[in-house]
1. Give just the number: which of (1) within 30 Å of residue 413 (Cβ to Cβ); (2) assigned to a helix (DSSP H, G or I); (3) without any contact (Cβ under 8 Å) to a residue 24 or more places away in the chain does residue 194 not satisfy?
2. Just to be sure before I move on: is residue 218 closer than 24 Å to residue 25 by Cβ, more than 27 Å from the chain's Cα centre (by Cα) and either in the same structural domain as residue 395 (by TED's automatic domain parsing) or assigned to a helix (DSSP H, G or I) (or both) in the structure I sent?
3. Taking the stretch 286-322 on its own, how many of its residues are in a loop (DSSP other than H, G, I, E, B) and surrounded by 11 or more Cβ atoms within 10 Å (Cβ to Cβ)?
4. Yes or no: the stretch 378-399 includes at least one residue that is at pLDDT below 95, touching a strand residue (DSSP E or B) at 6+ places or on another chain (Cβ under 9 Å) and assigned to a helix (DSSP H, G or I).
5. Considering every residue within the stretch 55-73, establish whether at least one is in a helix (DSSP H, G or I), in contact with a helix residue (DSSP H, G or I) (Cβ under 6 Å, 6 or more places away or on another chain) and free of Cβ contacts under 8 Å to residues at least 60 places away in the same chain.
6. Any residue at all in the stretch 351-359 that is more than 22 Å from residue 137 (Cβ to Cβ) and out of contact with any helix residue (DSSP H, G or I) (no Cβ under 8 Å at 6 or more places or on another chain)?
7. Given the conditions (1) modelled with pLDDT under 90; (2) under 23 Å from residue 212 (Cα atoms); (3) in a helix (DSSP H, G or I), report the number of the one that residue 367 does not fulfil.
8. Which condition does residue 327 not pass, out of (1) within 30 Å of residue 88 (Cβ to Cβ); (2) outside the structural domain of residue 84 (by TED's automatic domain parsing), if it passes all the others?
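The values are calculated or read from the model by the stated rules, or taken from the named source; none is laboratory data. Small disclaimer: the values here were computed from a predicted structure and weren't measured. Cβ atoms come from the backbone with ideal geometry, glycine included; neighbour counts cover every protein chain shown.
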């Protein structure tokens, strides 16, 4: 007996130990989500843009070597010999406006990659929360419909017994049977929805947890802080990662105009050269020839005309800059709209939760009153069945309203560019009930 009790307790502890919470699911998604992995790789690629841009400002060193077999005839005399040459060149740009613009672009492109990665991280937090709560919502639906089915089964049994003793008509039995069949069908659909939600979550984490911590009973949902939609909208217009990305894109486009315009400007380089040649003969003599050359100096290049390509590329870059400015304006408007919608989603969600909590109490009281009335003969079977359905529907709506409000809180933070793992940890503190 004692051994059996130990095994039962061990099994219960194991099930609780393996239940997943929101943070653990998020951390699994960080490691396994393919979309986030792509964002991480894109960020790593973006880090190289600064290095590539800086390369145009640093010295370049090149080596060259050649060998050639010569077979010449001069005034009837054949001369055959091998000629070898090698050399090195060092070039240090002193003035190259295009390279400077490209260096600035590289820095901005690295910053752009960082901003895009931060946006992807926020997006992952929201996606994980949405799919996590979708599982909880589907699970709550299964629980509510299971309760409804059990209640419908009891009501069906009671209706059959009442019919046998002649206190109700066959219509009551048919109504109870119909409601039982309907709840059975709804339960099957809810179970399918739950499985789909689990697999959707598994797409992010690589596996579907068998158990998830649910929302704690009595968990309080708070209003946004600050509780002012104008402040959230302004924060979104300035700090949203979507806005930051477009701001950087605009600056990159502006540098691209400068880089292309610099195609009209001269360049100045310090150039140092060393060359060594060795030939076994020449066209007029078979004597060996060795030459060493060393030079250092300034090299100025002044572009005069390149077929109009520089002007064309400059106009193209200017048009793309105008596009980037329009995209920035659109991103700011979209961020403001997202912040306003999310803020209203939180505040209206809180009001909806409060109303549905009251409706839940009323629906439960109505069900109890109808059950009692049916027992004493002042209510008919359909009244009890409707009250059971009303309670189940209210409970499902209440659960969904709670989850939607929590997700709206995350979206509001994301709209303002302020969403992080700490916010997910605060949300995770509202979960404490493992359930399969």
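1. (3)
2. yes
3. 4
4. Yes; the residues of the stretch 378-399 include at least one that is at pLDDT below 95, touching a strand residue (DSSP E or B) at 6+ places or on another chain (Cβ under 9 Å) and assigned to a helix (DSSP H, G or I).
5. For the stretch 55-73, residues in a helix (DSSP H, G or I), in contact with a helix residue (DSSP H, G or I) (Cβ under 6 Å, 6 or more places away or on another chain) and free of Cβ contacts under 8 Å to residues at least 60 places away in the same chain: absent.
6. No, the stretch 351-359 contains no residue that is more than 22 Å from residue 137 (Cβ to Cβ) and out of contact with any helix residue (DSSP H, G or I) (no Cβ under 8 Å at 6 or more places or on another chain).
7. Residue 367 satisfies all of (1) modelled with pLDDT under 90; (2) under 23 Å from residue 212 (Cα atoms); (3) in a helix (DSSP H, G or I) except (2).
8. (1)
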